[in-house]
Number of protein chains: 2
Amino acid sequence: MTGATRRGRSAQGRAEVRRDLVAAAVTLFRERGYEDTTVDDIAAAAGVGRRTFFRYFRSKEDAVSPDHETALARAAEVFETAHATEPAAALALRAGETVFDIYTDDPHLSVERYRLTHDVPVLRDRESASIDHYRRLFTRYLRGRFADDPDGDLRAAVIGAAVVAAHNLALRAWLAAGAPEDGMEACRLRFRRVAEMLPGEPAHTNGLHAVTRRLEQAVVRLERTTPPAQ
Amino acid sequence: MTGATRRGRSAQGRAEVRRDLVAAAVTLFRERGYEDTTVDDIAAAAGVGRRTFFRYFRSKEDAVSPDHETALARAAEVFETAHATEPAAALALRAGETVFDIYTDDPHLSVERYRLTHDVPVLRDRESASIDHYRRLFTRYLRGRFADDPDGDLRAAVIGAAVVAAHNLALRAWLAAGAPEDGMEACRLRFRRVAEMLPGEPAHTNGLHAVTRRLEQAVVRLERTTPPAQ
DNA sequence: AAGCGTAACGGCACTGCGTGCCATGATTCA
DNA sequence: TGAATCATGGCACGCAGTGCCGTTACGCTT
């Protein structure tokens, strides 16, 4: 298919060109290296003009992780449409799922992207910045939730950073293992374990110790008067 | 001072040129905007050639935060020379101090830099990547510490991300307030409060939940057979 | 004091990214 | 069939970053 025959394509054609460009970029980056691959090379490999490449991607780096904006928007939608009574932890899980979806769509391509972002410093830094967008989004939401707490800002920052880091750890472990189909459940479980490590509600955390003490005393008191059942 | 008279300067001269370039860059970025300022403009404002700019900074962005490598190296030295018995929290505080030092050296310039990284998306993303270097450094160290723990990786990721986020929150709050001299102590205190929100030793944390569960079950069991005391 | 090696500099040319502009060809709709 | 629209390719341009080279100032030796 020459460039001429591709002119004036439909929306379906656009999606196809986009896929071709991503595939060409990822392949060339891994074969020749990121720095030694020019946009001309990518465009030529995909059978389009150089100018067209920049109509699909804002930059050369964008061809590696072009779905970031979409994923971020979806995650933002989760927070915006969330009911105020939904626990923050559950919300984080739901938002995390929307991000997972982006990767499970095409596991093989996701692994290639992961390797690139792992090996090429420029792409690694770019991904750090992308991930920080999620952190900011989540932290901003939490800050609103914790507005009444005395250390609300700090709690929001800590929990936001921790959850995003855990999400990323789980995701990267899955990708590093080659993104096996039966590994996504372990990935999800791993992500969920972050909840155990988070500081709970301040009143709740402090209360937890108090409750523990109170229960211990109650048990001691009761067991002193009554033999345990069974 | 013309370019000709500046040739063949000493090491002291180099530091001076470096300062001039940073000052020129920060000033111009804030006056005309980052995108509308070229490297030629910066070099001309500092009285040196364009080629010389790139002998002092790897990129245009580097002129805004040129001390990142130094700060990262100092923080790394803290971890490398740390004794194995020093608590991780104390270590984080010490490493955080070395980073604070970079900013307290020239508070006014630090504020200008903060505003730039706050306003210009490109610089913001770049700073996200820089901060992530600290996170990776700290997380890597913690992973070694928690190597024996079952969820060591996750704990390292969570604590590393949380501590760096807290450090950044405190630092940015201080900078946003104009970096007052008497505000650094509040900044330090704020940073230290992160320790209260961190997950403790896994045995401790899990134990707390386990104890709670066990006690609750005991109470239910006992209350089923015996009317509550009092 | 003269000479020499070194270090820093400025200028030039080049590659490559990203963008504005415009003509061209395909598609869709009236 | 003709007009409007959309996507494309090509061209030119500005700017970032790099390699190369000639030049100049400094420090050190003799």
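The values are calculated or read from the model by the stated rules, or taken from the named source; none is laboratory data. Predicted model only: the values in this text are computed from it and were never measured. Glycine gets a Cβ as well: all are built from the backbone with ideal geometry, and neighbour counts include every protein chain shown. Accessible surface is based on the protein model in full, side chains and every heavy atom, while ligands, DNA and RNA are left aside. Shrake-Rupley method; radii C 1.70, N 1.55, O 1.52, S 1.80 Å.
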>> So the label point sits 7 Å from Cα along the Cα-to-Cβ vector; using that for B:Thr27, what distances do you get to the other copies, in nanometres, sorted shortest first?
In response: 5.3
>> Taking θ = phi - 60°, what integer Hz values does the Karplus form 6.51 cos²θ - 1.76 cosθ + 1.60 yield along region A:43-50, in sequence order, with x for Gly and Pro?
In response: 4, 4, 5, 8, x, 10, x, 4
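Report, as an integer, the average count of C-beta atoms from other chains found within 10 Å of each Cβ along B:117-129. Walk me through the numbers on the way to the answer.
Working: counts 0, 0, 0, 0, 1, 1, 0, 4, 7, 4, 2, 10, 11.
Averaged over the peptide's residues, the number is 3.
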> Roughly how many Å² of B:Leu72 are accessible to a 1.4 Å probe, to the nearest 10?
Replying inline: 40
>> Just to confirm, what accessible area per residue do you get for region B:57-161 at 1.4 Å probe, in whole Å²?
In response: 46
> How many angstrom separate the Cα center of region B:141-181 from the Cα center of region A:139-205?
Replying inline: 14
> Between B:Asp149 and the same site in the other copies, what are the distances in nm, shortest first, taking label points 7 Å from Cα along the C-beta direction?
Replying inline: 1.9
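Given C-alpha coordinates of region B:4-63, what is the ratio Rg to Rh with the Kirkwood estimate of Rh? Intermediate results must be reported in sequence, preceding the final value.
Values: Rg = 11.0 Å, Rh = 11.5 Å.
Ratio value, two decimals: 0.96.
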>> Tell me the accessible surface of A:His83 in square angstrom (1.4 angstrom probe, heavy atoms of protein chains only), to the nearest ten.
In response: 120
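Divide, for region A:107-202, the radius of gyration over alpha carbons by 2.2 N^0.38 Å, where N is the residue count.
Taking the Cα Rg and dividing by 2.2 N^0.38 Å, one obtains 1.23.
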>> List, by residue number, every residue in region B:138-187 with a reduction of 50 Å² or greater in accessible area between the chain on its own and the complete protein assembly, 1.4 Å probe.
In response: B:Asp151, B:Leu154, B:Val158, B:Leu169
> What's the center-to-center distance, using Cα atoms, between region B:13-82 and region A:20-71 in Å?
Replying inline: 31
> Nm distances between the label at B:Asp182 and the same-position labels in the remaining copies, 7 Å along Cα→Cβ, shortest first?
Replying inline: 6.6
